[in-house]
Each structure stands twice: as C-alpha cells, then as structure tokens.
Amino acid sequence: MPVILEGLVTTLDDNGSVHVAPMGPAVERTEFNRFLLRPYPTSHTCQNLRRHGEGVLHVSDDVLLLARAAIGQVEPPPEVFPAERVRGYVLRQACRWYEFRVTSIDHSQERVRMEAEVVHVGRLRDFFGFNRAKHAVVEAAILATRTAFLPAEHIVNEFRRFDVLIEKTGGPDEHAAFALLREYVARPRTPDS
C-alpha cells in the first residue's frame, strides 16, 4: 500500500531556471522505482512536468527550505548541481534524491495524476531523524498552501498547537520556518490570493 512521502521536487521552468516545490507523492515503501505525483493543474510544477516530463524528487530534513518553497519565497535560490540522468537539478542540502521521468498523465480529476518512473537515485547525507518541530513545520507548510479553501479559524487553531511543539523541540531553522509560515498565513487575503 502506498504512503505519502513529503519531499521537495525540482523541475525546470520554461526559461531553464530551477523551480522548487514541496510535493507529497504516493510511494511504495519497499520498491521505490515508481511513484505518483498529484499536482494542481495550475501549479508551476504541473506546467513544467507537462512541458518537460522530467524532475527530481528530494528527501530532505531542511524544513526552512520546505516552508519557503510552500509559500513561494525561494529567494535566494538553494544551491544545486546537475542531475545525472534527467535534465534537471539536485538540491545540494538534500539527504537523497530520485531523478524521474513522467510516464503517464491523467487530467480527469481535480488534481492531475502523474505516474513517474525513477531513473536514478543518489544519496548525499543521512536524514537527521525524527523531530516533532520539523513535523510541525511540515504540517504548517501544508496548511499555508491551503489558505484559499480552509477556514481561517482552523488554520489559526492548528498553528497554536504547532507553536507549542516548535517552542519545546525546535532549533533555529524550525523557529525561522514557523515564523515565516505564521507571517504568511496572517496576511489579509483577497479572493484572488
């Protein structure tokens, strides 16, 4: 049975620059040679993969980069190096990466279903390990991407709960990431934002 693995995906924009986005593909725990991406049709990642069909999925414990990518604030861009088997880039601070090619695209649902085949795997360093603050930032980042359709009260209540976890178990990166996300969700929203 597949599980959702929260990671970061890099794709190439139409001008050749690197686009970084958080993404939770459905993966098999035992044989990680294929996975399912489900981007929203209007997302940069979806558009890039429709155009180019290749990317890199990263397993990373860098929650500050994940938070920045979730809210579209990836400036300055992270350090990268060229992928080995696809036209794309690998995040230098990732733990491991999976270069992939999209093998099928299904547009029939609200979110586009993209089957991907892993064509190369690499490893840079060990994963830090379990940390409640890192998990809280991941959940907060997911909520931050849903401000357009989740009730504000729900998001505020969840952020209060996450705040306790960040205070008790977080380091500087977790505190910075959570502060960035808290500021983002507190901004007044218009129907188009």
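In this rough spin-label picture, where each label sits 7 Å from Cα along the Cβ direction, the VAL119-ASN131 distance is 3.4 nm. Averaging the sequence gap over all C-alpha pairs within less than 8 Å and six or more residues apart, then dividing by the number of residues, gives the chain a relative contact order of 20 percent.
Under 5 Å between amide hydrogens, built in the peptide plane, is the criterion, and for MET23 it picks out GLY7, LEU8, VAL9 among residues at least 5 positions away or on other chains. Region 155-184 and region 1-72 have Cα centres lying 23 Å from one another. Length, then width, then depth: along the principal axes, the Cα atoms of the chain run 42, 39, 37 Å.
When Lys and Arg each count +1 and Asp and Glu each count -1, what net charge do the other residues less than 10 Å away from ASP126, Cβ to Cβ, add up to? Around ASP126, the charge tally is +2. Here the spin labels are modelled as points 7 Å beyond Cα on the Cα-Cβ line, and at GLN47 and VAL164 they lie 4.2 nm apart.
Using a simple charge model, +1 on the beta-carbon of Lys and Arg, -1 on the beta-carbon of Asp and Glu, nothing else, what dipole does the chain show about its Cα centre, in debye to the nearest 20? Don't skip to the end; give the middle numbers.
On the way: 24 positive and 26 negative charges, 28 e Å.
Value, rounded to 20: 140 debye.
Here the spin labels are modelled as points 7 Å beyond Cα on the Cα-Cβ line, and at ALA186 and ASN33 they lie 5.0 nm apart.
Values in this text are rule-based calculations from the coordinates and carry no lab data. Note that this is a predicted model, so its numbers are computed, not measured. With ideal geometry, Cβ positions are generated from the backbone for all residues, glycine too; neighbour counts draw on all protein chains shown.
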